[in-house]
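Some notes on the structure that comes next.
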Amino acid sequence: MLETMMCALITVLPDYLFRRYMQGKRIGHEITLFTMWYELRWGLTACAILALTVITTLFYFHPASSSVASYFRTVTILPQLGGRVSEVFVRNNELVSAGQPIFRLEDFTQQAQVQAANAKIAEVQASLKVSETDLAEADAGIAGARASLAQAVEDLERNETLRDEGSSAVRLAEVERLENLVAEREAQVVAAQAQKAAVEQQIQELIPAQMASAIAQLDAAHTELEKTLILAGVTGRVEQFGLQVGDYVSPLLRPAGILVPSHSGRDRFEAGFNQMAAQVIKPGMIGEIGCMTRPFKVIPVVVVSVQDVIPSGQIRPSDEIRDLQYNTVPGTLTVYLEPLYEGVADRIPPGSTCLANVYTDNHHKLEDENLGFWNKAFLHVVDTIGVVHAAGLRLRLILMPVNTLVLTGGH
């Protein structure tokens, strides 16, 4: 509308003035509702052509979008295991810090697991003390067996000496008995040494392995116990949190609430422009946005990045070949915007619905001395009509409360 009115000032209005004052035709007489087209045909035709040209140029080189928002992420407050709530530490809409407790689940089973793990550690420690006693007993057994062996060897050697000297006091059966006794005492020494080795192996390998297993069980029990205390993962505000003692929560069936991070969605906006703007919008371009939460505030922004894919082209493997005729709605070009000046968007709540204009700037091109006259004229026109778009954005922001509260019934 604004573009058409401006075009009419240099087309329809001069045509009317010519016919009114040069040809003497008057409104209501020669110029009526029925003769308007014939009388002002040149002005109306030129106005329509010029208006279409201006509007096309305007929206191509200065893209606009009404699909703008400051998207933010949410963190679902979920326990890692299901259970009934025993304590609640925060209230709904309360600001919490990262690591702050939110609620606790009943931990009877987990406490029992911790106590069982501690008992297992105590049992292994007791086994170590018993094994140390067994080791001392094995040492004593080895010493006794060696002493008995030495006595038997001494008796055998004495009897063999007497036998060799031909003494009648030594019987052959006694010598054989002593030889068997020495062999038996040697076996006893070997058995005592083997028993000691078994005890040493138990102390050095078996008991440490049992202790490591018991400590691992204790760590696992403590980990399960810690899962009953749900902490805030990030600093933010608790929303939709109506948990009470005795409620049952589950990681699959029933979350406890939502945590909105404090800095998520701040100072960053995402806008969806039509695909014709893909050749125009580049990082570094300057633009403006206005949001419904502050309808009379125009925020200067800068394009920080442009998504290099169109969302409507995304496919996912399935059991059917995709038919492109069902993709009737073309996707938009996603553009990321950030405030040009620090702090100007601090009062815009995340999730606000906004309008956005991005302006083409040919200032650097116009500084080229080799640029032709018509190219300079065209670039000047492109830059100038951006003012019309900026005025249109401000007009829409002024009319936004009327359109929202009156024409749409406050929705």
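See the values below:
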{"quantity": "Checking ALA216 against (1) in a helix (DSSP H, G or I); (2) touching a residue at least 24 places away in the same chain (Cβ under 8 Å); (3) of a type outside the set (D, E, K, R), the condition it does not meet", "calculated": "(2)"}
{"quantity": "Checklist (1) within 28 Å of PHE72 (Cα to Cα); (2) of a type in the set (Val, Ile, Thr); (3) at pLDDT 85 or above applied to THR404, failing item", "calculated": "(3)"}
{"quantity": "Residues (open to solvent by 100 Å² or more (accessible area, probe 1.4 Å) and of a type in the set (A, V, I, L, M)) located in segment 1-33", "calculated": "MET1, MET5, LEU9, ILE10, MET22, ILE27, LEU33"}
{"quantity": "Strands (runs of 3 or more DSSP E) enclosed by segment 3-116 - at least 3 residues per element that are farther than 30 Å from ARG254 by Cβ", "calculated": "64-69"}
{"quantity": "Some residue of segment 261-275 being within 28 Å of SER67 (Cβ to Cβ), in contact with a helix residue (DSSP H, G or I) (Cβ under 7 Å, 6 or more places away or on another chain) and in contact (Cβ under 8 Å) with a residue 24 or more places away in the chain", "calculated": "no"}
{"quantity": "Meets criteria (touching a residue at least 40 places away in the same chain (Cβ under 8 Å), open to solvent by 40 Å² or more (accessible area, probe 1.4 Å) and either within 20 Å of SER65 (Cα to Cα) or in a strand (DSSP E or B) (or both)) for ASP383", "calculated": "no"}
{"quantity": "Subset of segment 219-263 [open to solvent by 40 Å² or more (accessible area, probe 1.4 Å), in a strand (DSSP E or B) and either within 24 Å of PHE72 (Cβ to Cβ) or among the aliphatic types (A, V, I, L, M) (or both)]", "calculated": "LEU229, LEU231, ARG237, GLU239, ARG254, ILE258"}
{"quantity": "Filtered residue count, segment 83-140, keeping only those that are open to solvent by 50 Å² or more (accessible area, probe 1.4 Å), more than 30 Å from ILE258 (Cα to Cα) and not small (Gly, Ala, Ser)", "calculated": "14"}
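The values are calculated or read from the model by the stated rules, or taken from the named source; none is laboratory data. Keep in mind it's a predicted model, so treat the numbers as computed, not measured. Here Cβ is always computed from backbone atoms with ideal geometry, including for glycine, and neighbour counts include all displayed protein chains. With ligands, DNA and RNA removed, areas are computed over all heavy atoms of the protein, side chains included. Shrake-Rupley method; radii C 1.70, N 1.55, O 1.52, S 1.80 Å.
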